[in-house]
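The values are calculated or read from the model by the stated rules, or taken from the named source; none is laboratory data. If you're wondering where the values come from, they're calculated on a predicted model, not measured in any experiment. With ideal geometry, Cβ positions are generated from the backbone for all residues, glycine too; neighbour counts draw on all protein chains shown. Ligands, DNA and RNA are excluded from the accessible area calculation, which covers all protein heavy atoms including side chains. Shrake-Rupley method; radii C 1.70, N 1.55, O 1.52, S 1.80 Å.
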Amino acid sequence: MHLMVKEISKTLDRIFTLDNISLRLDKGEFVVIIGPSGCGKSTLFNIIAGLMEPDQGTVWIDEQNWTGKAGRISYMQQKDLLLPSRNIVDNVSIPLLLKGMPKAEARRRAESYLPDFGLAGFGHYYPRQLSGGMRQRAALLRTHLQTSDILLLDEPFAALDAISRHSMQLWLKDLQHRYGSSILFITHDIEEALLLADRIYLFSARPARVRLEIDLLKERENGKDISLLKQHILAILEEETNI
Ligand SMILES: Nc1ncnc2c1ncn2[C@@H]1O[C@H](COP(=O)(O)OP(=O)(O)OP(=O)(O)O)[C@@H](O)[C@H]1O
Ligand SMILES: [Mg+2]
């Protein structure tokens, strides 16, 4: 066990949002959360990252209680924006500067990662000069340089067209293998979930509960027809959205 979310509940502005959510992320795993819009997925990420306290429940990382404490996890928030007035190297160096690294060293370090993130030669470009996919990779690099082995990614590819999205998905999977990171990933896209995930948690409508957990690795090993799984997930999501 790497990350464990235990019985988290949260009410926001009198709206009951998270209802007793428990989940786990093992080392090197890719776990995807799918659920109806507004059910509380981003709220759960804010709690896991320690930006928000739960009303009940705990967040455990490597057997330590991290509930309500930030700084342990790399987190890319939904619509995570690059600063328009800074070039890519300066944008992605931010987490290193926050940790007290001198500016020149932070820049050098950031630059050394550009090729792996498909941004070689673009360090001095400004966000407006990059494509949507490149901007997302820069935001992912900034998240990566928060240097945690655990990444929370909240719908990182939602704004991309289908083709760039697919190449980004393959690229992320490859990156994960190279760096051995553990990833918790939110999406609305069932195909994306089925392509990326080792396991999937399907959330109910608000208040979010875990409706279903699917061990895709096991399902694949057992030769399960993935298109049947897709239909099953779709049926549950439709049921949840019709309430
Ligand atoms: N900081 C906040 N204060 C008060 N209410 C909030 C706050 N953040 C979110 N909410 C409310 O909490 C509920 C869950 O929102 P959240 O953003 O977690 O949903 P989500 O599942 O991420 O949705 P989406 O799929 O559309 O991104 C919504 O009703 C939202 O209005
Ligand atoms: Mg959200």
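A few comments on the model shown:
- Out of ARG178, ARG209, sole residue that is away from ligand 1 (no atom under 16 Å from the Cβ), open to solvent by 90 Å² or more (accessible area, probe 1.4 Å) and under 19 Å from the mean Cα position of the chain (by Cα): ARG178
- Number of the condition not met by ASP90 [criteria: (1) touching a residue at least 40 places away in the same chain (Cβ under 8 Å); (2) out of contact with any Gly (no Cβ under 8 Å at 6 or more places or on another chain); (3) not in a loop (DSSP other than H, G, I, E, B)]: (1)
- The residues on offer are ALA193, ALA205, and the sole one that is assigned to a helix (DSSP H, G or I), of a type in the set (A, V, I, L, M, F, W, C) and within 16 Å of ligand 2 (Cβ to nearest atom) is ALA193.
- LEU172 being open to solvent by 20 Å² or more (accessible area, probe 1.4 Å) and aliphatic (A, V, I, L, M): no
- Filter result for ILE163 (more than 16 Å from ligand 1 (Cβ to nearest atom) and either small (Gly, Ala, Ser) or more than 30 Å from MET4 (Cβ to Cβ) (or both)): yes
Listed here are the residues, each with its yes/no results for (1) out of contact with any Lys or Arg (no Cβ under 9 Å at 6 or more places or on another chain); (2) of a type in the set (Lys, Arg); (3) touching a residue at least 24 places away in the same chain (Cβ under 8 Å).
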site	(1), (2), (3)
ILE61	no, no, yes
LYS103	yes, yes, no
ARG107	yes, yes, no
ASP116	no, no, yes
HIS124	yes, no, yes
ARG142	yes, yes, yes
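- Meets criteria (more than 25 Å from ALA235 (Cα to Cα), among the aliphatic types (A, V, I, L, M), assigned by TED's automatic domain parsing to the domain that holds PHE16 and open to solvent by 40 Å² or more (accessible area, probe 1.4 Å)) for ILE163: yes
- Residues in region 1-58 that are within 12 Å of ligand 1 (Cβ to nearest atom), part of a strand (DSSP E or B), open to solvent by 10 Å² or more (accessible area, probe 1.4 Å) and closer than 29 Å to ASP174 by Cα: there are none.
- The lone criterion from (1) within 16 Å of ligand 2 (Cβ to nearest atom); (2) at pLDDT 95 or above; (3) among the aromatic types (Phe, Trp, Tyr) left unmet by TYR75 is number (2).
- Residue that is free of Cβ contacts under 8 Å to residues at least 60 places away in the same chain, outside any strand (DSSP E or B), surrounded by fewer than 13 Cβ atoms within 10 Å (Cβ to Cβ) and among the aliphatic types (A, V, I, L, M), where the choices are LEU81, LEU97: LEU81
- For region 59-72, filtered to residues that are on the phi > 0 side of the Ramachandran plot and either at pLDDT 90 or above or within 15 Å of ligand 1 (Cβ to nearest atom) (or both), the residue that is least open to solvent (accessible area, probe 1.4 Å) is GLY68.
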